[in-house]
Amino acid sequence: MTINIKKCTLEDSCKLQEISYETFNETFKHQNSPENMNVYLERAFNLKQLEIELSNISSQFFFVYFDNEVTGYLKVNTNDAQSEEMGAESLEIERIYIKKKFQKHGLGKYLLNKAMEIAMESNKKKIWLGVWEKNENAIAFYKKLGFVQTGAHSFFMGDEEQMDLIMTKTLI
């Protein structure tokens, strides 16, 4: 079992789009209408949008490989790339997704540790994320790793307003 992380570049945009569609569908398809899923996927993961995000100096993407296969990815944001105004001392984990068949292998924790490493290297005091209030597995995972709920915000899946819990971890 070999786990590796690779920082994504613009040349990875097609591979990023593919894994984004796959992991988002696996995670949320069964709880949302096909119409809302399609609207969201096209808006969030079209190639032009991903290229804009990959080009933003305040955002970073990383693929995680398990035995040389891309199994998931991480997106972190600082400064004005954060989806909420959390200040210069914060790092946001905007996306952390693992293919379903590779979950429960420690890959999510591996990516989370990478995000914390980036935060500490950048002298950030806290790390935060938004997680859908119905994603009980993810909420339990983040709580186990020391995140606490500090707020909530709206998230739109197509035309449906949903609620994301904002969870924060203070770094020492």
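Filter the stretch 85-122 down to residues that are under 14 Å from the mean Cα position of the chain (by Cα) and among the charged types (D, E, K, R), then give me how many there are. Even if it seems obvious, please write down each step before you answer.
Residues of the stretch 85-122 that are under 14 Å from the mean Cα position of the chain (by Cα), as a first pass: 91-99, 107-116.
Applying the additional criterion that residues be among the charged types (D, E, K, R) yields 92, 94-95, 99, 109, 114.
Counting residues in the stretch 85-122 that are under 14 Å from the mean Cα position of the chain (by Cα) and among the charged types (D, E, K, R) gives 6.
Quick check, is GLU42 surrounded by fewer than 14 Cβ atoms within 10 Å (Cβ to Cβ), charged (D, E, K, R) and more than 23 Å from MET163 (Cα to Cα)?
no
List the residue pairs whose Cβ atoms are under 7 Å apart, where the first residue sits in the stretch 7-35 and is under 19 Å from PHE61 (Cα atoms), the second is among the β-branched types (Val, Ile, Thr) and outside any loop (DSSP other than H, G, I, E, B), and the two are 6 or more positions apart or on different chains.
Within 7 Å, the pairs are LYS15/VAL70; ILE19/VAL70; THR23/ILE98.
Counting only residues that are over 18 Å from ILE166 (Cβ atoms), touching a Leu at 6+ places or on another chain (Cβ under 9 Å), open to solvent by 80 Å² or more (accessible area, probe 1.4 Å) and of a type in the set (D, E, K, R), how many does the stretch 80-125 have?
1
Table: residues versus (1) more than 14 Å from the chain's Cα centre (by Cα); (2) more than 20 Å from GLY72 (Cβ to Cβ).
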{"position": "ILE19", "(1), (2)": "no, no"}
{"position": "PHE24", "(1), (2)": "no, no"}
{"position": "HIS30", "(1), (2)": "yes, no"}
{"position": "GLU35", "(1), (2)": "yes, yes"}
{"position": "VAL39", "(1), (2)": "yes, yes"}
{"position": "GLU42", "(1), (2)": "yes, yes"}
{"position": "LEU47", "(1), (2)": "yes, no"}
{"position": "LEU50", "(1), (2)": "no, no"}
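Restricted to the stretch 1-39, and to residues that are part of a loop (DSSP other than H, G, I, E, B) and surrounded by 15 or more Cβ atoms within 10 Å (Cβ to Cβ), which residue is modelled with the highest pLDDT? If you could, list the steps in order and put the result at the bottom.
From the stretch 1-39, those part of a loop (DSSP other than H, G, I, E, B) are 1-2, 8-9, 32-33; that's our starting set.
Checking which are surrounded by 15 or more Cβ atoms within 10 Å (Cβ to Cβ) leaves us with 8, 32.
On the way: CYS8: 98, ASN32: 94.
Taking the candidates together, the pick is CYS8.
Pairs only if they're at least six apart or on different chains, beta carbon under 7 angstrom, first in the stretch 87-104 and closer than 16 Å to SER59 by Cα and polar (S, T, N, Q), second open to solvent by 60 Å² or more (accessible area, probe 1.4 Å) and part of a strand (DSSP E or B); list them, first residue then second.
SER90/LYS126
Restrict the check to the stretch 76-97 and report whether at least one residue is more than 24 Å from TYR142 (Cα to Cα), of a type in the set (Lys, Arg) and either modelled with pLDDT of 95 or more or assigned to a helix (DSSP H, G or I) (or both).
No, that holds for no residue.
Can you find even one residue in the stretch 156-164 that is open to solvent by less than 20 Å² (accessible area, probe 1.4 Å), in contact with a Gly (Cβ under 9 Å, 6 or more places away or on another chain) and without any contact (Cβ under 8 Å) to a residue 60 or more places away in the chain?
Going through the stretch 156-164, the residues open to solvent by less than 20 Å² (accessible area, probe 1.4 Å) turn out to be 157, 162, 164.
Filter again for in contact with a Gly (Cβ under 9 Å, 6 or more places away or on another chain), leaving 164.
Narrowing the set further to residues that are without any contact (Cβ under 8 Å) to a residue 60 or more places away in the chain leaves 164.
Looking through the stretch 156-164, at least one residue is open to solvent by less than 20 Å² (accessible area, probe 1.4 Å), in contact with a Gly (Cβ under 9 Å, 6 or more places away or on another chain) and without any contact (Cβ under 8 Å) to a residue 60 or more places away in the chain.
Would you pick out the residues in the stretch 50-71 that are without any contact (Cβ under 8 Å) to a residue 60 or more places away in the chain and open to solvent by 60 Å² or more (accessible area, probe 1.4 Å)? Give the derivation first.
Residues of the stretch 50-71 that are without any contact (Cβ under 8 Å) to a residue 60 or more places away in the chain, as a first pass: 50-63, 69-71.
Answer for the stretch 50-71, where residues must be without any contact (Cβ under 8 Å) to a residue 60 or more places away in the chain and open to solvent by 60 Å² or more (accessible area, probe 1.4 Å): GLU51, ILE52, SER55, ILE57, GLU69.
Taking the condition of being more than 25 Å from ILE57 (Cα to Cα) and open to solvent by less than 70 Å² (accessible area, probe 1.4 Å), how many residues in the stretch 126-152 meet it?
Just the residues of the stretch 126-152 that are more than 25 Å from ILE57 (Cα to Cα), to begin with: 132-152.
From what's left, open to solvent by less than 70 Å² (accessible area, probe 1.4 Å): 132, 135, 138-142, 145-147, 151-152.
Final tally of qualifying residues: 12.
The values are calculated or read from the model by the stated rules, or taken from the named source; none is laboratory data. A quick note: this is a predicted structure, and the numbers were derived from the prediction, not measured. Neighbour counts run over all protein chains shown; Cβ positions are idealised from the backbone, glycine included. When the accessible area is computed, the model is the full protein with side chains, heavy atoms only, and any ligands, DNA or RNA have been set aside. Shrake-Rupley method; radii C 1.70, N 1.55, O 1.52, S 1.80 Å.
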